[in-house]
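This report refers to the structure that appears directly beneath it.
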Amino acid sequence: MKCCPKDKNIKKEWTNKLEGESSNISNNRVIEISNFCKVFSHPLRVKIALLLNNGDLCVCEIVSILKEKQNLISHHLSIMKKYGIISSYNQSKYKYYRIDRIAVDFLSMNTVRNSHALEMGVSNNRRNKKIQGVEERQSLIH
């Protein structure tokens with residue numbers, strides 16, 4: 001391999017460092033993150049999570065807000081509950097759902113990154129349009 005050090009002393013240090021890095025990656029953590037990604041791979045589950053991020057809701061409220069069928073919402077809620085993204089509790093005759101703190105952290109981390117990337121994309125598009133407009137005006141003048 002071209003990227004590996006040729007000197008045996010450096011190679012041993014380098015190999016030890018890489019082995020140390022790999023030991024920091026826990027299989028349980030990898031599985032947990034993978035499950036989060038699976039759960040949030042469906043847009044409706046992301047919408048539900050974002051709604052629950054604002055407060056606890058019962059199924060009928062989620063159905064009303066998202067304008068989806070009750071059985072579809074219940075199906076996605078059961079998947080989210082299975083993976084520990086949400087929990088539920090009964091109040092009167094209604095079942096309420098709340099989002100888990102870890103899921104809130106996961107959502108907020110990714111929402112902030114994506115909104116920043118979106119802002120950067122918009123500002124870059126505006127800048128590119130301004131540059132293009134200046135170039136067009138200059139070509140008309142010359």
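Worth pointing out:
- Residues satisfying the stated conditions in region 30-55, i.e. loosely packed, with under 13 Cβ neighbours inside 10 Å and closer than 14 Å to Gly84 by Cα: Ile31, Ile33, Ser34, Cys37, Lys38
- Meets criteria (in a helix (DSSP H, G or I), touching a residue at least 12 places away in the same chain (Cβ under 8 Å) and polar (S, T, N, Q)) for Ser74: yes
Read-outs throughout are calculated quantities, based only on the coordinates presented, and are distinct from any laboratory measurement. Because the structure is a prediction, the values reported are computed rather than measured. Positions of Cβ are generated from backbone atoms using ideal geometry, with glycine treated the same way; all protein chains shown enter the neighbour counts.
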